[in-house]
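**Student:** This is the structure I have questions about; it appears just below.
The values are calculated or read from the model by the stated rules, or taken from the named source; none is laboratory data. Keep in mind it's a predicted model, so treat the numbers as computed, not measured. Reconstructed Cβ throughout: ideal geometry from the backbone, glycine too, with neighbour counts over all protein chains shown. The area values use the complete protein model at the heavy-atom level, side chains included, leaving out ligands, DNA and RNA. Shrake-Rupley method; radii C 1.70, N 1.55, O 1.52, S 1.80 Å.
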Amino acid sequence: SITNVLPYPNPMKGSGYFTFNLGNAADVVITLYTIRGRALKTIRGHGVIGYNQFFWDGRDQDGSILANNTYLYKVVVRDQETGKSNEKVGKVIVLR
């Protein structure tokens, strides 16, 4: 399971991190969206038990710097032992 998801810093001036804790090792997918729900960027990786930190460069999938705005993020984790998925949704502000 996933707990304590925080974008850091928030608001972000440029790049930043998504931090969270995991109860088990998991495959992680973080997707950033506009407020209207258009997917902008997907970050994939492997999470370990305990504290995790995933870097985001503040850019969309095409490499463009995101404008000042509020964006949504969804973190989906799939437990590597059980295959069960868990997700958390939140907001991150970009303010340069």
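**Student:** Can you spot the aspartates and glutamates whose alpha carbon is less than 12 Å from Lys84's alpha carbon? Ignore those fewer than 8 places along the same chain.
**Tutor:** Within reach: Asp27.
**Student:** If you roll a 1.4 angstrom probe over the protein chains with everything in place, what fraction of the accessible area of the stretch 13-96 belongs to carbon and sulfur, to the nearest %? Write out the running numbers ahead of the final one.
**Tutor:** Details: 2380 of 4920 Å².
After summing per-atom areas, the C and S share lands at 48 percent.
**Student:** Extending each Cα 7 Å along its Cβ direction at Arg44 and Lys84, get the distance between those two points in nm, one decimal.
**Tutor:** Inter-label distance under the simple model: 2.4 nm.
**Student:** At q = 0.31 Å⁻¹, what is the log10 ratio I(q)/I(0) for the stretch 1-50, with the Debye formula run over Cα points and no solvent?
**Tutor:** Debye curve over Cα of the stretch 1-50, log10 I(q)/I(0) at q = 0.31 Å⁻¹: -1.20.
**Student:** Determine the relative contact order of the chain: mean sequence separation of Cα pairs under 8 Å and six or more apart, normalised by residue count, in whole percent. Intermediate values should be presented prior to the final figure.
**Tutor:** Numbers: 229 pairs, mean separation 31.8, N = 96.
Rounded, it is 33 percent for the chain.
**Student:** With every protein chain present, what is the per residue accessible area of the stretch 1-70 (1.4 Å probe, Å²)? Write out the running numbers ahead of the final one.
**Tutor:** Numbers: 3960 Å² over 70 residues.
Each residue of the stretch 1-70 exposes 57 Å² on average to a 1.4 Å probe.
**Student:** Sort 81-87, 15-21 by packing, meaning the average of other beta carbons within 10 Å per residue, with the highest value first.
**Tutor:** 15-21, 81-87
**Student:** Turning to a different aspect of this structure: Can you check how the C-alpha radius of gyration of the chain compares to 2.2 N^0.38 Å, as a plain ratio?
**Tutor:** Numbers: Rg = 13.0 Å, N = 96, 2.2 N^0.38 = 12.5 Å.
The reported ratio for this selection is 1.04.
**Student:** Spin-label point model (7 Å from Cα, Cβ direction): what's the Ile35 to Thr19 distance in nm?
**Tutor:** 2.7
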